[in-house]
Amino acid sequence: MKTPVFAPGQTLGILGGGQLGKMIAIEARRMGYRVKVLDPDTACPAAEVADVVQGEWSDPAAALELALASDVVTLETEHVPFAVLAEVERVRTLRPSAQVLRTIQDRYNQRHFLHRHDLPQTRWANIESLGQLQVALGEIGLPAILKRRTGGYDGRAQVRLYAADEAESAWRALGESPCILEAFVDFTAELSVVLARSAQGEIRFFATAENVHKNGILHTTVAPARFSPGIRTWAEDLATRAAVALELVGVLTVEFFLTRDDRLLINEMAPRVHNSGHVTLGACVTSQFEQQLRAVCGLPLGSQHQHAPAAMVNLLGDLWANGEPNFLAVLAEPRAHLHLYGKRTARAGRKMGHITVLSDDTDEALSVAERLHAQLAERAK
Ligand code: AMP
């Protein structure tokens, strides 16, 4: 069957109008596409650059309205229910497909998929009752992490367990809903590979990134990761195998733990552009957002070549504790780019923007990003 191609002038629909949707929309608008997003908030970040169809992602009627107003549909979140995605797919091309989302959006399905395809991961168990949790803790050991199967992000909907008698409170804290229990990984680093797979099956990946999380939320990214080419190639190979097995069209992000004995374990996959890929905007010939657009529209992928080592630091709502931060110091640094998402209200832990820094030297890019962040944090005290 011939792959449908969607050309500039046509309309891209995006399920979700947050910062990821906004950055895809900016690239799409630059390339002459029209853009519509589905979001409950008419003042969502993407509203600055796209038309908003107001509605919840869980509302099939609203999703159908978006689909019918678009030529091709993609998404910025994996949390749109399968039934809604299937409804969109009934009337329009949806990339990535509802089937890919079904595999990824439920942690059980995702872990099972990794197991079936012999992709390395930590020990885990499916948990549907407190009794099962107590038994599984005995098998998996402590410490462990209990994660709700659906709906979690940025470290939410997960509880760490350090003692067996914490099982009941953890199970209650997650609403007694289906979970998976994971063995805690004693990692030395976290890495991610962001890649794009076109409708024709071509795959291009960005440089493997090195990530630091704080309180379960991404804090900094450095790309390329400061690890041996062997580790980076291994991560790219695993991510490629996952993308091919998923038959995904669009961007796929695979997050890894690097263990003390230099093994890579897959932490999780996201079928979309990713926070750890933000450095690609400015650092690469084609950003992850343009790559997503190209893949979704059936176009050839662009070059992922990276001009210079880059670092990114997230700006969370905590920096707004004393009002709007003063960004002059960031703007005075010629190697830095400031990105603000235009969110109306700042909350602790909410992603409000990020800074990327390019430099000839990876360590220096990171230290400049950290310094700019520390200056903003100082003023928020
Ligand atoms: P997640 O949302 O599942 O990616 O979890 C957010 C962060 O929590 C990860 O990036 C890790 O820093 C940490 N984390 C999650 N799962 C594990 C695990 N099994 N072992 C150790 N740390 C973990």
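Here are the numbers:
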| read-out | value |
| --- | --- |
| Cα→Cβ-extended label distance, 7 Å offset, between GLU202 and GLN132, nm | 4.4 |
| Projected label distance in nm at ASP51 and PHE113, using a 7 Å step from Cα toward the beta-carbon | 3.2 |
| Label point distance in nm, GLN99-ARG241, each placed 7 Å from Cα along Cα→Cβ | 2.1 |
| Theoretical gain in end-to-end length, TYR153 to ASP41 [0.36 nm per residue, Cα-Cα removed] | 38.4 nm |
| Theoretical gain in end-to-end length, GLU139 to ARG90 [0.36 nm per residue, Cα-Cα removed] | 13.3 nm |
| Extension gain, ASP363 back to LEU338 (0.36 nm per residue minus Cα-Cα distance, nm) | 7.1 nm |
| Per residue value of the accessible surface for segment 187-380 (all protein chains in place, 1.4 Å probe), Å² | 38 |
| Qualifying trypsin sites (Lys or Arg not before Pro) in segment 1-60, DSSP loop, other Cβ atoms within 10 Å at most 15 | LYS2 |
| Top of GLY353, GLY138, GLY21 by mean-square fluctuation, Gaussian network on the chain, Cα under 10 Å | GLY138 |
| Förster-model FRET efficiency, 30 Å R0, GLN375 and ALA173, C-beta, rounded to 0.05 | 0.25 |
| Where chymotrypsin sites (Phe, Trp or Tyr not before Pro) fall in DSSP loop in segment 160-261, at most 14 other Cβ within 10 Å | TYR162 |
| Fluctuation leader among THR93, THR286, THR188 - the chain, Gaussian network, Cα springs under 10 angstrom | THR188 |
| Rg to Rh quotient for the chain, alpha carbon positions, Kirkwood Rh | 0.95 |
| When each of LYS36/LYS214; LYS351/LYS381; LYS36/LYS381; LYS36/LYS343; LYS343/LYS381 is checked by Cα-Cα distance, pairs over 28 Å | LYS36/LYS214; LYS36/LYS381 |
| Heavy-atom accessible area per residue - segment 22-112, 1.4 Å, Å² | 40 |
| Accessible-area composition of the chain, carbon plus sulfur, in percent [1.4 Å probe] | 50 |
| Per-residue ³J(HN,Hα) for segment 278-290, Karplus 6.51 cos²θ - 1.76 cosθ + 1.60, θ = phi - 60°, Hz, x for Gly and Pro | 5, 4, 5, 7, x, 8, 10, 4, 10, 6, 4, 6, 5 |
| HIS219 long-range amide H proximity, modeled H, under 5 Å | VAL212, HIS213, LYS214 |
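The values are calculated or read from the model by the stated rules, or taken from the named source; none is laboratory data. This one's a predicted model, so the numbers in the text were calculated from it and none came from an experiment. All Cβ positions, glycine included, derive from the backbone under ideal geometry; neighbour counts span all protein chains shown. Side chains are part of the model used for accessible areas, which takes the heavy atoms of the whole protein and leaves out ligands, DNA and RNA. Shrake-Rupley method; radii C 1.70, N 1.55, O 1.52, S 1.80 Å.
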